[in-house]
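Student: Just dropping this structure here.
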Amino acid sequence: MLVRNVLLSVDPYMRGRMNDTKSYVAPFEVGEVMSGGAIGEVIESGVDSIAVGDFVLHDKGWRSHAVLTADEAGKLDPDAAPLSAYLGVLGMTGLTAYAGLVRVAEFQPGDTVFVSAAAGAVGSVVGQLAKLKGARRVVGSAGSAAKVEWLTGELGFDAAFNYKDGPVTEQLAAAAPDGVDVYFDNVGGDHLEAAIDSLNLHGRIAVCGMISQYNATEPDPAPRNLFQVIAKRFTLRGMLVADHADLRGRFVEEVAPLVSSGQLRYSETFEDGLLNMPQAFLDMLAGSNTGKMLVRA
Ligand code: NDP
């Protein structure tokens, strides 16, 4: 089928693919079109189950049009949710939040949860899901006063702080005076160090991302307090959403009704024009997005 892209996703993991290093996925090739999550409208189809006018999710990314085989495209239901949700709250970032909290961090009702990059696509879902699933307290960190206000206002976080206002360790200790049972790490560095300091006995850290390191030219010295792993017997586990595809059905069944009923809120930041993809990507890394960053092609 031939599709015309209408929505394109910019994601932090793409930064890692711009380094010429061995990782879980091969680096982008210079001179090749960048791949990435996208939604396209079908304008020609040779696939029986896909008609002209259908919308499909695919991974061919940064281009105006794409030619896809049936295997490369997932048909979307535009009546079930706004199309953009399939790239965010009901898509890859939503599943990351769900799998990371439920499976990797082994969240239990009564846990106090701390999540960093909390006003982003993954973080905003982590915090709300934890609240909806019976967290004792949910604390988030983000990079602006407006984001902090969104977290404690509309999203119902118990506490939030701007990590640019002062040392994370001090701000977290004040926001979670009884300690943290689960830390959902999107940032690494000083955030991870602060979380280790605040972690309770047998605490769990799900390492989803370390965005503070993605542009670093030198390794970050933090966390300097890893020795606490012994006394606190905490668990630190890395995660990749691709390993949790088996949870997709359960995730959609549980989270889609929460989204449509308004119990789980989400935000999206849009930039317009395919040619603005690089700028949208840089803006996302710099924190200009609240919720999922998307480009309307
Ligand atoms: P976000 O929507 O959270 O956007 C990125 C945000 O990171 C920015 O808005 C910015 O918000 C914050 N940020 C940027 N630099 C820093 C910094 N130096 N310190 C603290 N915060 C910073 O992106 P996603 O929700 O898509 O991704 C969140 C994290 O999850 C990333 O680390 C990403 O790599 C990871 N991820 C991992 C997956 C996996 O399978 N392991 C899958 C998907 C995402 P602010 O204004 O608050 O600084």
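The values are calculated or read from the model by the stated rules, or taken from the named source; none is laboratory data. Because the structure is a prediction, the values reported are computed rather than measured. Neighbour counts run over all protein chains shown; Cβ positions are idealised from the backbone, glycine included.
Student: Considering only residues that are within 16 Å of the ligand (Cβ to nearest atom), in a helix (DSSP H, G or I) and without any contact (Cβ under 8 Å) to a residue 40 or more places away in the chain, which ones fall in region 213-241?
Tutor: Q213
Student: A further question follows. Answer yes if at least one residue in region 276-285 is among the charged types (D, E, K, R), under 16 Å from the mean Cα position of the chain (by Cα) and within 23 Å of S116 (Cα to Cα), and no otherwise.
Tutor: So far as region 276-285 goes, yes, one or more of its residues are among the charged types (D, E, K, R), under 16 Å from the mean Cα position of the chain (by Cα) and within 23 Å of S116 (Cα to Cα).
Student: Now a separate question. Tell me which residues, restricted to region 176-192, are in a loop (DSSP other than H, G, I, E, B) and out of contact with any Gly (no Cβ under 9 Å at 6 or more places or on another chain).
Tutor: Across region 176-192, the qualifying residues are A176, P177, D178.
Student: Residues of region 62-97 being under 16 Å from the mean Cα position of the chain (by Cα) and away from the ligand (no atom under 16 Å from the Cβ), which ones?
Tutor: Scanning region 62-97 gives no hits.
Student: Suppose the filter is farther than 30 Å from T290 by Cβ and touching a helix residue (DSSP H, G or I) at 6+ places or on another chain (Cβ under 7 Å); does V42 pass it?
Tutor: no
Student: Given the criterion farther than 20 Å from T290 by Cβ and surrounded by 24 or more Cβ atoms within 10 Å (Cβ to Cβ), identify the matching residue among A99, A118. First the steps, then the outcome.
Tutor: Numbers: A118 fails: farther than 20 Å from T290 by Cβ.
Being farther than 20 Å from T290 by Cβ and surrounded by 24 or more Cβ atoms within 10 Å (Cβ to Cβ) holds for just one of A99, A118, which is A99.
Student: Given the residues G110, G120, G61, which is the only one that is in the same structural domain as L199 (by TED's automatic domain parsing), at positive phi and touching a residue at least 12 places away in the same chain (Cβ under 8 Å)?
Tutor: Answer to the check: G110.
Student: If I filter region 189-212 down to residues being small (G, A, S) and more than 8 Å from the ligand (Cβ to nearest atom), which single residue comes out as farthest from S23 (Cα to Cα)?
Tutor: In this case the residue turns out to be S198.
Student: Give me the strands (runs of 3 or more DSSP E) completely within region 98-166, filtered to those with at least 2 residues that are of a type outside the set (A, V, I, L, M) and within 10 Å of the ligand (Cβ to nearest atom), ordered by residue number. Walk me through how you get there before you give the answer.
Tutor: Details: elements: 112-115, 137-142, 159-162.
Fully inside region 98-166 and qualifying: 137-142.
Student: Name the pairs: first residue in region 32-48 and in the same structural domain as L68 (by TED's automatic domain parsing), second residue among the small types (G, A, S) and modelled with pLDDT under 95, Cβ to Cβ under 6 Å, at least 6 apart or on different chains?
Tutor: M34/G61; S35/G61; G36/G61; A38/G61
Student: If Y183 satisfies every condition in (1) under 20 Å from T96 (Cβ atoms); (2) surrounded by fewer than 24 Cβ atoms within 10 Å (Cβ to Cβ) but one, which is the exception?
Tutor: Among (1) under 20 Å from T96 (Cβ atoms); (2) surrounded by fewer than 24 Cβ atoms within 10 Å (Cβ to Cβ), the lone unmet condition for Y183 is (2).
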